[in-house]
Amino acid sequence: MPALISQDIPFATRDDPAGVESEVPEYDVVICGAGPVGLITASQMLRSGLTVKIVDKAADSLDVGRADAVQPRVLEIMKQLGLLNELLATGPLIDHTILYKDGKCLVFRPSHASPSEFQYLQVITQPEVERLLIRDIARFGCYVDRSTTLDRYVLEGEKDHTGKSTISLDWTNIETGASGSCRARYLIGSDGAHSAIRKSLSIPFDGVTTNLVWQIVDAEWDTNFPHAWVFGCVLSSEHGGVLIIPRENNMSRLYVRVLPGADGKAPDPNVENVDTAMKRINDVFAPYYVKPKGPIEWYTMWKINERVARSFHDGQDGRVFLAGDSAHCHSAAGAYGLNTGCMDSHNLSWKVILDAKGISKPAIIDSYSVERRATAKRIVQASSCFLRFLCGARGADTFAKDFAIAAGEDPASIEAPQFIPQEGDQSMDPDQAFFSWYARTYTGLLTGTDILYKPSTLNKPWQSSGMVSKYQALDVKRADVNLSRKIQKMKFDEMQGFASGESDAARTERAEQAIASPQASPMIGYRTPNPRLFNPRTGAVQRLYDSFAPLPCFNIVLLGGDMSGSLGPLVCDALDAFAKQGSFRTRFANAQAGQARLMKMHLILDAHNVRDRALLDALALRFKQALSHNATGTHQETSSKDDAHPLHHYLEIHLDDQPDEGRASSLFGTAAEKTSDAPRERAFIVRPDLWLGTKSTLEEFQHSAESYFADLLHPQI
């Protein structure tokens, strides 16, 4: 069997493409690895019109085992792709959690609350995710090449239309012996923790191989345990812990640690089996019993590695990328694995799409490794922390310390909050206190919504007259220091006068109050709010994201309030700045992308004060007229791309009529303005992956948008 990538030529440059047959198939993207990450990457890129070849060395897709639930953030991605309904029909929801210790229930409460519309984890097995996505890419004429390995790939001297080298790849079918070649503009390695793509790039996989070994058993269970189908943990002071993951068809997955022998040696897989796993599980569950009701669906042993690649791309020509387990690996504790990989994919896909179409400058695609690697380090640390709790080793060193040593990085570069018992915790069992702290600290990360990308060209505070607004200055400071995430979410913690001696509970209470404050403007580099809104065009209540144009479109949100006073003219000026010919929209909208899909405007008005349909019609008419006039203000008689699309491809008007805590004006921080304050930010540019790119006042919207897109996109020629 040939190696996946020949190590003698790991990543070479071929200056002379002579001898390469002209009939060699060409693709925009070749994806190595057809697990969920590779498949969802293909799904996103195919929708944008890119051509994709996806290969996998396995003869068939997965039948059983591996990942078992998707987070709210991945559900949002699936909804963007139009696949949500298909996914939701697969299994139960996880919206509660338990903690038992020595037979006693310490915690039973709702869990997984998040800013997302999805307040739960959706149980769905990895095999079902793969089948769903395989069906989806087939709709676009793409099929997985099974039993296929990549033998080698080289950068050619020949350039594509963006001026970058193309990649020549050789492949082999390991069943039939057939072989061939193809060319691609990008190669994505989603080929797992033992990634040959990563190895071929000689990218170190920093971290540790732990001495923690788990047995995993999937089955339908006969048990007298009161919360048998609830997500959570069962601990034993003597025998360790079990993690429970509910599954479809009344099944559950149980993880149990295999303790080292008396001699300290690692468990022998030849000795361990389902019977030894069941013995350990029942020791932990005592006084309750657990036994299989029928056949065991899946059993495996797993030695846990905690690692993050030193880079997620080739670092040379911006052509080869890593995503998913090829870039980071950790335990299953927390359900981070598949979900983190899908979020890698979502972050990467729109950047590759824009780069492939020749629209974006290098800053966009170069940001992938920086953004997702920082996130991966935090996720592996979170998983590491929970894993040691399950293993009865809360005080042991977690991933952060070992990783920092291996990677030669400052330990402070990894956000690693430490559990310190607070006032009020004394009345709790120590494990219960830790469990509560972990939920407060990491639920946002567990749901996929608490991810902050630091200031960059993509996440750019708008500077007016050389000054960053005091609100955005807090964003910058918060992104640069290692603060608790619940405190990071607060926009005005310094203004609220937090005392360093406050208890964790008091800080949490203050944080919750500040988050709900109408002053809390969204943070740049953070997930954009997704309020419910009424759409007068469709007559339906929908989420803001539901009206967003798909990848790779930037969506621009304006908060117009009640249009009273100076707001009305400012909103109209902002609409004109977007719609008119010669605007930043037309200047940076490359014809290959289609203007309707590169930028879209969303105007949110206060429904309680804006009830006149004539006003909405007048705004729409003004916008349409601006679309059809040239830079001199005269009407264009000739047909333009703008005329080829309905108005709602460019502008969607929404009415904000929800209760106070759920109103868009509250979530975007425009509900209350103090006369002593500078004008609040009411213009928000949302990246294609739904993270906030920049924000500005309406007065400065045009200059802010022009500056933002000039740094990211090539002007249209």
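Just so you know, all these numbers are worked out from the coordinates, no wet-lab data involved. None of the values given here were measured: they were computed from a predicted structure. Neighbour counts run over all protein chains shown; Cβ positions are idealised from the backbone, glycine included.
Beta carbons within 10 angstrom, averaged per residue: use that to sort the peptides 427-438, 183-194, highest first. Please report the intermediate quantities before stating the final value.
Details: 427-438: 17.4, 183-194: 23.8.
Top to bottom by mean Cβ count within 10 Å: 183-194, 427-438.
Taking 7 Å steps out from each Cα toward its Cβ at ALA266 and ALA618 produces label points 7.4 nm apart.
Between ARG139 and THR90, what is 0.36 nm times their sequence separation minus the Cα-Cα distance? Round to one decimal in nm. Intermediate results must be reported in sequence, preceding the final value.
Values: separation 49, 0.36 × 49 = 17.64 nm, distance 2.04 nm.
Taking ARG139 through THR90 to full extension adds about 15.6 nm, to one decimal.
Given the pairs LYS401/LYS460; LYS101/LYS454; LYS351/LYS377; LYS57/LYS265; LYS361/LYS600, which span a C-alpha to C-alpha distance of over 29 angstrom in this model? Don't skip to the answer; put the middle values down first.
Numbers: LYS401/LYS460 31 Å; LYS101/LYS454 40 Å; LYS351/LYS377 21 Å; LYS57/LYS265 33 Å; LYS361/LYS600 20 Å.
Checking Cα-Cα distances, LYS401/LYS460; LYS101/LYS454; LYS57/LYS265 exceed 29 Å.
How large is the Kirkwood hydrodynamic radius of the range 209-305, in angstrom, based on all distinct alpha carbon pairs?
Final number for the Kirkwood radius of the range 209-305 is 13.7 Å.
From most to least packed by mean Cβ count within 10 Å, the peptides 299-312, 689-702 give 689-702, 299-312.
Between the amide H of ASP450 and those of LEU445, distances stay under 5 Å, these residues lying 5 or more places away or on another chain, with hydrogens modeled in the peptide plane.
Can you tell me the equivalent ellipsoid semi-axes for the range 273-402? Use √(5λ) from the Cα gyration tensor, largest first, whole Å. Don't jump to the answer; show the numbers that get you there.
Numbers: eigenvalues 303, 60, 23 Å².
Largest first, the range 273-402 gives 39, 17, 11 Å.
If you plug the beta carbon distance of ASP576 and ASP429 into 1/(1 + (r/R0)^6) with R0 = 45 Å, you get a FRET efficiency near 0.10. Contact order normalised by length for the range 209-305, with contacts defined as Cα pairs under 8 Å and 6 or more residues apart; what percent is it? It comes to 47 percent, rounded to a whole number.
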